[in-house]
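Report on the structure given below.
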Amino acid sequence: MLRFAAPTRERSRRPAQTTGPESIEPFLEWLLQRSGLEAGAYRPRALHRRLAACLRHCRVPTPEAARTLLEAKPDSMPAALNSVLIGVSAFFRDPKIFQFLREVVLPELLRTQGNVRIYSAGASEGQELISAALLLAESGALARSELLGVDCRRDAIEHARAARFAPDALTGIDATLRGRYFRPAGGKWV
């Protein structure tokens with residue numbers, strides 16, 4: 001079973017780092033907390049690099065103006081969050097790792113356990129988890145396996161659940177696998 005979900009459990013909140021050269025910009029801390037995320041779990045420098053993209057997305061010049069806008073239009077919050085948190089996903093993104101999974105890890109797990117359970121935190125749009133599902137399908141073990149992908153961005157989860165990909169997203173997939181498990185539909189591959 002392959003599922004994608006947004007986390008739903010309340011987590012203990014760690015305070016964001018608010019002093020020193022590695023502090024999180026207050027607007028970004030507010031955005032993350034309003035989105036149900038722990039600001040302290042993110043690297044301040046990485047977040048700060050994405051601040052300009054968020055301001056461009058909101059079409060405002062300052063973090064204060066972005067907060068004012070988002071407080072007035074809370075339905076814009078997910079898109080603003082997406083401009084800050086970049087999801088990176090690709091089919092068979094690290095070929096050596098997937099080769100090791102195919103040749104060593106999965107055969108051993110299937111031999112000793114009989115099934116496989118995979119949890120993908122930060123699954124983004126799901127390509128890596130779907131890649132694992134393809135390996136399991138090829139080994140005949142997908143039906144008795146459980147795969148769960150989670151991401152804090154709900155639209156990424158919706159995209160992963162829909163499993164509709166642009167043709168160029170499938171470049172990492174061997175033509176045989178692509179032909180066996182994907183079909184064209186309206187300019188996309190499903």
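Here are a few things to note about the model shown:
- Among 190, 107, 122 - extreme Cα towards positive end, dipole of the chain, charges at beta-carbon: 190
- Shape class for the range 96-190, computed from the alpha carbon gyration tensor (a ≥ b ≥ c): oblate, with a/c not under 1.5 and a/b at or below b/c.
- The distance between label points at residue 96 and residue 65 comes to 4.7 nm (points 7 Å beyond Cα on the Cα→Cβ vector).
- The relative contact order of the range 28-141, computed from alpha carbon pairs under 8 Å that lie at least 6 residues apart in sequence, is 23 percent.
- Here the range 20-88 has an Rg and Dmax of 11.0, 33 Å, counting Cα atoms alone.
- Added length on full extension, which subtracts the Cα-Cα distance from 0.36 nm per residue, residue 119 to residue 139: 5.3 nm
- Degrees separating the helix 127-138 axis from the principal Cα axis of the chain, which is the longest one: 10 degrees
- The range 40-81 and the range 116-162: distance between their alpha carbon centers, rounded to Å: 29 Å
- Dipole of the chain, positive direction: furthest Cα of 85, 6, 53, with charges on the beta-carbon: 6
- Magnitude of the charge dipole, the range 86-128, Cβ model with Lys/Arg +1 and Asp/Glu -1, debye to 20: 100 debye
- Stretched out straight at 0.36 nm per residue, the stretch from residue 1 to residue 168 would grow longer than its current Cα-Cα span by 57.5 nm.
- Most to least accessible of 92, 100 (protein chains only, probe 1.4 Å): 100, 92
- Using alpha-carbon coordinates, inclination of helix 63-72 to the longest axis of the chain, degrees: 80 degrees
- Each Cα pair under 8 Å and six or more residues apart adds its separation to the average, and for the chain the resulting relative contact order is 25 percent.
- Length-normalised contact order of the range 116-190 in % [C-alpha pairs under 8 Å, at least 6 apart]: 32 percent
- Kirkwood hydrodynamic radius of the range 23-164, from the reciprocal of the average inverse Cα-Cα distance over all distinct pairs: 17.1 Å.
- Mean Cβ neighbour count within 10 Å, used as a protection proxy, ranking 42-51, 151-160 highest first: 151-160, 42-51
- Dipole magnitude for the chain: about 180 debye, using +1 per Lys or Arg Cβ and -1 per Asp or Glu Cβ, origin at the Cα centre.
The values are calculated or read from the model by the stated rules, or taken from the named source; none is laboratory data. No experiment lies behind these values; they were computed from the predicted model shown. Every residue, glycine as well, gets a Cβ built from its backbone with ideal geometry; the counts of neighbours run over all protein chains shown. Each accessible area value is taken on the protein alone, full model and side chains, heavy atoms only, with ligands, DNA and RNA left out. Shrake-Rupley method; radii C 1.70, N 1.55, O 1.52, S 1.80 Å.
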